[in-house]
Amino acid sequence: MGSTITQKILARAAGRDEVGAGEIVTCKVDLAMANDVTAPSAADAFRRMGVPDVWDRSKIALVASHFVPAKDIATAKLMTRMRQFAMEYDIEHFFEVGRGGIEHILLPEEALTLPGQVVIGADSHSCTYGALGCFSTGVGSTDLAAVWATGEIWLKVPETMKIVYTGVPGDWVMGKDLILSVIGRIGDDGASYMAMEHTGEGIRHLSMDSRLTLTNMAIEAGAKSGIVPPDETTLDYVRTRQEIMGRPNDFEVLASDDDAHFARVIEVDLNDVEPMIAQPSLPSLSIPVSTVERRKVDQVFIGSCTNARIEDLRMAAHVLGDDRIAPGVRLMVIPATQRVWKQANDEGLLQRFADAGASVSTPTCGACLGAHMGVVGPGEVCVSTSNRNYVGRMGDPTAQVYLANPAVAMAAAVVGEIVHPDEVRNAPTSLDPAVTA
Amino acid sequence: MGRAFRYGDNVDTDVVIPARYLTTTDEKELAAHALEDLDATFVERVSVGDIVVAGKNFGCGSSREHAPIAIRGTGVAGVVASSFARIFFRNAINTGLPIIECPEAVAGISEGDEVTIDAEAGIVRNETTGEEFKGEHLPEFVMDIVRAGGLVEWVKSKGAS
C-alpha cells in the first residue's frame, strides 16, 4: 500500500522508508517555534532539562505576537523572559515587536517553513504552515522545550482525512468559507488526531493566502495537522519568498500515492459553497450567511492568523468602498505582520479603513484571544475573522462571537448588522491590486 | 477518593484558563481561575482529590500548557473524559496531570459521586455506585514519560544515559 504525503514526510524525518498510521515515531524537527505566551514556560522547562545548549540556534523561531505591544507590566515581563532566552542562546530567528507579527503569517513570509519539513510550534495554530506542503503541528511549552534540547519529537503517525475539492469558488468565497463548511459537516472533533489533506482540482483556484486559512483551522476540527500538497502556486510562493529573504534552502516536494489509505474522504463541490458564518459559540455551528438571522453588531474584528493577510485586507477594502463604518459599530483592523501592514499601507488600504472610522493597529494576536486591543464586553455581538468563537474567547463569557471571512465581516461593519456582502457591494472579479485599482 | 465535577463536551482551554490570566506562569495564580468561564464556583467548591469528569474533546483549542497546570494546581486528582484533544493530552502527560480516557466511566458518573482513579492502570471506580471502569491504556512509549515523572525528567534521563 502507498503512503500519504504526511506519512512520507514523517518517515523521512524518522529515518525510515515508510511509517504506518498509529505508529509512534521519533522525528527530526526542521523548525521549532514559540511565542511570548508559550516561550517563557518553554525556556523554564528547557533549563530544567539540564542540557548545555539548544540543538540548533538556526532552527528556532521566537515571535513576539500575543500580548504585544506589552499590555501591562506582567506581559512586559513575559516578553523579557523570551528576549533573555533569545539572547542567552543566540537564537537566530527572534522577531521583536515591530519587526515581525503573527507567527503563522510571518514564518512563511520569512521562507522559514518549507515543503517537506517537520515544523513544531508551541501554538495550536501551528497547523497553518501545512499550506506549504510541510507537516506542522501545535504542542505545549514542555514538548517544545524537549525539541530545543534534542532536535526531535515523538509523534503518533496520524490517519489522514482527504478533502477533495472540485469546481470553482463562487462570489465572495474564500478559504475561510471552505474550512467553516467542512467543520460544520464533520464537527469540532471530526478530524481528531488526523491530518486533513486538502486536495483536488478545485484547490488550484485558491491563492496561497486562502490556503493558509484552510490549514489554519485544522485544529478547530481537532486535527493534528492540515496540509495542501504543493503545486505551482505553492512553488511560486516559496521560491519568491526564498529569493526575497535570501534563504535558498533545499526543500522536498511530496504527494500522496494513489493507493494510500485514507481514513475518510470528503468531497466538496466549490460551486455549492456559499459565504459561511459560524454562530456562537462553536466553529462547527457554521451556516451560509444567506440563512443567518440578521442581527445588530457591536464590534467587527478583521485580523488574526486566520484572515489578516493582504488578500483579506483587499477584500475588506473592496466591500468598504467609499462607505463609512455604521454608527454604533466599532471596527478593528489589525494586519497580521509588519510586511502585510506596510503593503496595505502602500496600497492605500489602511488610509481607507481609517477614513471610514476604523481603528487600525500594529500587528498582534491581541483581540482574537481576548487579550487586548479589542476585548468584547458583556452581551456584546462581534463578527470576527479569527478562528475561535468559544465562550469567553474574545472577552466576557456572555459576549456572542460570529466567525466569518473578511467580506462578511466588513459588510457587518458597514451595515451595522450581520448581512450578506451582496447587500453592500458587487463581488470583486479579482483581488489583484493591478486589476482593482 | 474525591467528588466528581461533571461537565459537557468540547471543554476548551479558553474556559479552562481564559487568556486574560495567561499573564503569569505561576501554578497557584493560574489555579485561582481554573474553569472560571465554565463554572464560576468551581474553584471555591473544589477540594484536593476531586475529579473532573467531562465529555468528548476535552481541552480542545489553544495549546496553552497553563490549562493542565491550572487544573493540577487546584488539587484535582485527575480528569476523566470521553476523549481528549491531542495537544491537551500531551500537555497533561508532560506536566503530570493524571488523565483517563473512558466514555463508559463518563456515562456512569453523576455530579457529586465519590470517585477514585488509578491513571497508570487506567482504572476509574465510582465508589457511590460501586461500578468500576477500565479506560484506554496509554501507549508504552507514553507510559515511559509518565513513569519518568513528566517530559522534563524523561529528557534528563535520556541525556544521562
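The values are calculated or read from the model by the stated rules, or taken from the named source; none is laboratory data. Everything quoted here is computed from the prediction, not taken from an experiment. Positions of Cβ are generated from backbone atoms using ideal geometry, with glycine treated the same way; all protein chains shown enter the neighbour counts. Accessible surface areas use protein heavy atoms only, side chains included; no ligands, DNA or RNA. Shrake-Rupley method; radii C 1.70, N 1.55, O 1.52, S 1.80 Å.
A few points about this structure:
- Residue in region A:295-316 that is of a type outside the set (A, V, I, L, M, F, W, C), free of Cβ contacts under 8 Å to residues at least 60 places away in the same chain and not assigned by TED's automatic domain parsing to the domain that holds A:I102 present: no
- Tallying residues that are surrounded by 14 or more Cβ atoms within 10 Å (Cβ to Cβ) and small (G, A, S) within region A:1-19 yields 4.
- All positions within region A:263-301 that are part of a helix (DSSP H, G or I) and buried (at least 17 other Cβ atoms within 10 Å of the Cβ): A:L270, A:V289
- Which listed residue is of a type in the set (K, R), open to solvent by 40 Å² or more (accessible area, probe 1.4 Å) and in contact (Cβ under 8 Å) with a residue 40 or more places away in the chain, from B:R72, B:R125: B:R72
- Yes/no for A:A149 being in contact (Cβ under 8 Å) with a residue 40 or more places away in the chain, open to solvent by less than 10 Å² (accessible area, probe 1.4 Å) and not basic (K, R): no
- Of everything in region B:140-161 that is within 11 Å of chain A (Cβ to nearest Cβ) and at pLDDT below 90, the residue that is surrounded by the most Cβ atoms within 10 Å (Cβ to Cβ) is B:K158.
- Lone qualifier among B:A31, B:A19, B:A54 - being more than 30 Å from A:K77 (Cα to Cα) and among the small types (G, A, S): B:A54
- Of all the criteria given as (1) buried (at least 19 other Cβ atoms within 10 Å of the Cβ); (2) not in a loop (DSSP other than H, G, I, E, B); (3) not basic (K, R), the one not satisfied by B:L35 is (2).
- Count of region A:150-203 residues which are away from every other protein chain (no Cβ under 14 Å) and over 25 Å from A:L31 (Cβ atoms): 24
- Helices (runs of 4 or more DSSP H) within region A:32-131 that include 2 or more residues touching a residue at least 24 places away in the same chain (Cβ under 8 Å) and touching a Phe, Trp or Tyr at 6+ places or on another chain (Cβ under 6 Å): A:39-49, A:73-88
- Taking the criterion of being under 17 Å from A:S41 (Cα atoms) and crowded, with 24+ Cβ neighbours inside 10 Å, the only residue of region A:83-120 that qualifies is A:I120.
- Answer residue from region B:1-31, given it is assigned to a strand (DSSP E or B) and open to solvent by 30 Å² or more (accessible area, probe 1.4 Å) and is farthest from the other protein chains (Cβ to nearest Cβ) among those: B:R3
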